[in-house]
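Working notes for the structure below.
The values are calculated or read from the model by the stated rules, or taken from the named source; none is laboratory data. If you're wondering where the values come from, they're calculated on a predicted model, not measured in any experiment. Backbone-built Cβ (ideal geometry, glycine too); neighbour counts: all protein chains shown.
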Amino acid sequence: MSEKPLGQPPPGAEVDVTGFSDVATAVDKTLAPWWQHKLLQYYLPAVILFVATILLWELFVWIFDIQAFLLPAPSVIFAAFTENFSKLVSIGWFTTKEALGGFVIGCSFGILVAFLTARWTFASEALMPFAIAANSVPILAFAPIVNNWFGVDNPLSKMVIVAVIVFFPMMINTVRGLTLVDPAALELMRSYAASEFQILRQLRLPNALPYMFNAFKVAAALSMIGAVVSEYFGGNRAALGVYITQEAAQFRFYNAWAAIIIACFVGITFYVIILMVERVSIPWHSSVRVGERP
């Protein structure tokens, strides 16, 4: 009687190679060159475009000998940035607190109004005109009025302006997420006599989360823009918008550009933080699965 080799399947037996295929795929991904990583392929074009823009900017200023008060070269801006770094960080943090406060206030009210308008028709008919009116008010006209209400040096006046700016996109996106649910899923839950709270918790809210995070990302950029612009009409001397206005008035535009870099950095940081929270909160949604894109 011949001895069968250890681990060899009997004759005629089907061998399931699915597991081996998964292992081979994982090994291929692990051993793939770094330049074939999907995350790198996704973000690399933006990085290349940014570097190319800086180089062309520097070359453009050098070739045409453009004066610094018209368009300072990136090298001059970077020198001003490093020279005044501690001061820029201090004034940047002051404006960041205003932007963050307005972001929290505006998004909170936007979500609250969205839940009310999505749940009751009379609330939608009563609140929607006010929301549209608030979105239609130009910030240039609203900022002096708010400064008069709360005081020019009071950070609350800047927070209110930021809150008004971020309120509308937050409310509209949340309403869309709460109302644009799958009709079949809604009908199924109602057929099982689910309460409105159960429908909200198990269907409407999960459906609204991607819409809400999109609004959060838009509001993150708008909050910093609103805070800086509102400071153009007066504010604490330690504020970013006031610093930009003063430096520009004295033709030190390289310092103003350095302050703009701080504002951009804060806005990008806001965005990245929200993006990370989104990846943790809704990993099942297609918008956060960057690595799985073809």
Exercise. How many residues are touching a Leu at 6+ places or on another chain (Cβ under 6 Å) and of a type in the set (G, A, S) if we restrict to the stretch 186-236?
Worked result: 1
Exercise. Taking the condition out of contact with any Phe, Trp or Tyr (no Cβ under 9 Å at 6 or more places or on another chain), under 19 Å from I268 (Cα atoms), of a type in the set (S, T, N, Q) and buried (at least 17 other Cβ atoms within 10 Å of the Cβ), does N207 pass?
Worked result: no
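Of the residues E98, E83, which single one is closer than 30 Å to V160 by Cβ, of a type in the set (D, E) and at pLDDT 90 or above? Before you say what the answer is, go through the steps one by one.
On the way: E83 fails: closer than 30 Å to V160 by Cβ.
The match here is E98.
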For this session: Determine if the stretch 228-247 includes at least one residue that is under 26 Å from the mean Cα position of the chain (by Cα), among the hydrophobic types (A, V, I, L, M, F, W, C), under 19 Å from F167 (Cβ atoms) and surrounded by 17 or more Cβ atoms within 10 Å (Cβ to Cβ).
Result: yes
Exercise. Does any residue of the stretch 92-111 turn out to be surrounded by fewer than 18 Cβ atoms within 10 Å (Cβ to Cβ) and closer than 16 Å to G241 by Cα?
Worked result: yes
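Suppose we filter V137, V160 for residues that are surrounded by 12 or more Cβ atoms within 10 Å (Cβ to Cβ), more than 11 Å from S230 (Cβ to Cβ), of a type in the set (V, I, T) and in contact (Cβ under 8 Å) with a residue 12 or more places away in the chain; which single one remains? Full working, then the answer.
Values: V160 fails: more than 11 Å from S230 (Cβ to Cβ).
Only one candidate qualifies: V137.
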Exercise. Modelled with pLDDT of 90 or more and within 20 Å of the chain's Cα centre (by Cα), is that true of F109?
Worked result: yes
For this session: Give I199, I165 a once-over and let me know the one that is without any contact (Cβ under 8 Å) to a residue 24 or more places away in the chain, within 19 Å of A114 (Cβ to Cβ) and of a type in the set (V, I, T).
Result: I199
Exercise. Hey, any hits in the stretch 238-248 for a residue that's part of a helix (DSSP H, G or I), in contact with a Ser or Thr (Cβ under 9 Å, 6 or more places away or on another chain) and acidic (D, E)?
Worked result: no
Seminar exercise, completed: Pairing a residue in the stretch 112-134 that is closer than 16 Å to E196 by Cβ with any residue that is exposed (fewer than 14 other Cβ atoms within 10 Å of the Cβ) and of a type in the set (A, V, I, L, M), where Cβ atoms lie under 6 Å and the two sit 6 or more apart in sequence or on different chains, gives none
Seminar exercise, completed: Among residues of the stretch 116-128 being in contact with a helix residue (DSSP H, G or I) (Cβ under 7 Å, 6 or more places away or on another chain) and not aliphatic (A, V, I, L, M), the residue modelled with the lowest pLDDT is S124
Problem set entry | Subset of the stretch 191-212 (residues that are of a type in the set (S, T, Y), part of a helix (DSSP H, G or I) and more than 30 Å from S223 (Cα to Cα)) | S191
Exercise. Is there a residue in the stretch 164-186 that is surrounded by fewer than 18 Cβ atoms within 10 Å (Cβ to Cβ) and either of a type in the set (D, E) or touching an Asp or Glu at 6+ places or on another chain (Cβ under 7 Å) (or both)?
Worked result: yes
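Within the stretch 92-110, is even one residue part of a helix (DSSP H, G or I), within 30 Å of L203 (Cβ to Cβ) and free of Cβ contacts under 8 Å to residues at least 12 places away in the same chain? Before the answer, list the steps.
Residues of the stretch 92-110 that are part of a helix (DSSP H, G or I), as a first pass: 92-110.
With the extra rule that they be within 30 Å of L203 (Cβ to Cβ), the set shrinks to 103-110.
Subset that is free of Cβ contacts under 8 Å to residues at least 12 places away in the same chain: 104, 108.
Yes, the stretch 92-110 has at least one match.
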For this session: Please verify whether the stretch 175-188 includes one or more residues that are aliphatic (A, V, I, L, M), touching a Cys at 6+ places or on another chain (Cβ under 7 Å) and touching a residue at least 60 places away in the same chain (Cβ under 8 Å).
Result: no
